[in-house]
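In what follows, a single structure is set out as structure tokens and then discussed.
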Amino acid sequence: MNFVTNILVKLGILREDLDYHFIRASMVIVFLFFGYQKWFDYEAQALIPYISNGPLISWMYPVFGIRGACWFLGVAEWFFGALLFAGFWNKKLGILGALGGVSSFISTITIIPFIPNGWAPSAGGFPAMTETVAFLLKDLVLLAVSLYLLRQDVLRVAQSTQSSPQLAAAQLQHNPR
């Protein structure tokens, strides 16, 4: 195991902020692709059972219609992705992008208890999920990633605006060793 660890260190895995930048770039790509597919009818039709049963997003169909709701989501996803991209240089914009991600993924995770046929009756129901719940379950990880980016950007903004002793005290309160 030491051999593998040493190779990874030499390859730069410990380079400062590599994980943070990779995660940010990954979320930009996710929002780019998620937003892109919202411009097509196949996606609008595929999202009907999700949006219709989403307690936080079902309002979109009466307001925008099926295609309009999908376009609204696409614009929102591209906007969040653009804010996350801008967060490479401006952490305050990164905070806004991460907050958008958090709200987006909370909205989709809350669909899970309400999605019809989400649990496979042939396997005894819960916790045997069907593909509809499995599709939504990935958003739990994306929510965690958004919360990570939010925390990192808030820390960086706070660090640039607070004096070092105040920030160190705040970090010790949240990360006691």
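The values are calculated or read from the model by the stated rules, or taken from the named source; none is laboratory data. The model shown is predicted, which means the values in this text are computed figures rather than measured ones. Heads up, the Cβs are rebuilt from the backbone with ideal geometry, glycines too, and the neighbour counts pull from every protein chain shown. The accessibility values were calculated without ligands, DNA or RNA, using every heavy atom of the protein model including side chains. Shrake-Rupley method; radii C 1.70, N 1.55, O 1.52, S 1.80 Å.
If R0 is 22 Å, the Cβ-Cβ spacing of Leu147 and Val4 corresponds to a FRET efficiency of close to 0.15. Multiplying the residue separation of Lys138 and Ala158 by 0.36 nm and removing their Cα-Cα distance gives an extension gain of 4.2 nm.
For the chain, adding -39500 (n - 2.57) for each run of n ≥ 4 DSSP H residues and dividing by the number of residues yields -24000 deg cm²/dmol at 222 nm.
Taking θ as phi - 60°, what are the ³J(HN,Hα) couplings along segment 107-122 by the Karplus curve (6.51, -1.76, 1.60), each to the nearest whole Hz, with x for Gly and Pro? In residue order, the calculated couplings are 4, 7, 5, 5, 6, 3, x, 10, 6, x, 6, x, 10, 6, x, 5 Hz.
Look at the Cα gyration tensor of segment 61-124: its axes a ≥ b ≥ c give a/c of at least 1.5 with a/b at or below b/c, and that counts as oblate. How high is the relative contact order of the chain, in percent, with contacts defined as C-alpha pairs under 8 Å that are six or more residues apart? After rounding, I find 20 percent. Is segment 1-136 best put as rounded, prolate or oblate by its Cα gyration tensor, with a ≥ b ≥ c the root eigenvalues, rounded for a/c under 1.5, and otherwise prolate when a/b is larger than b/c, oblate when not? Since a/c reaches 1.5 but b/c is at least a/b, the shape of segment 1-136 is classed as oblate. Per atom type, the chain shows carbon and sulfur on 70% of its accessible surface, probed at 1.4 Å.
Using the Cβ-Cβ distance between Ser103 and Leu11 with R0 set to 45 Å, the FRET efficiency from 1/(1 + (r/R0)^6) comes to roughly 0.80. Taking the Cα centre of segment 1-123 as origin, work out the dipole magnitude from +1 charges on Lys and Arg Cβ and -1 charges on Asp and Glu Cβ, in debye rounded to 20. The dipole of segment 1-123 has a size of about 200 debye. Solvent-accessible area of Arg151, all protein chains in place: 100 Å² (probe radius 1.4 Å, heavy atoms, ligands and nucleic acids excluded).
Distances between placed amide hydrogens fall under 5 Å for Met129 paired with Ala120, all partners being 5 or more residues away or on another chain. Peptides 59-65, 122-128 ranked from most to least packed by the mean count of surrounding Cβ atoms within 10 Å: 59-65, 122-128. Applying 1/(1 + (r/R0)^6) with r as the Cβ-Cβ distance of Phe114 and Ile66 and R0 = 25 angstrom yields a FRET efficiency of 0.85.
Per residue, the chain exposes an accessible area of 61 Å² to a 1.4 Å probe, with every protein chain left in place.
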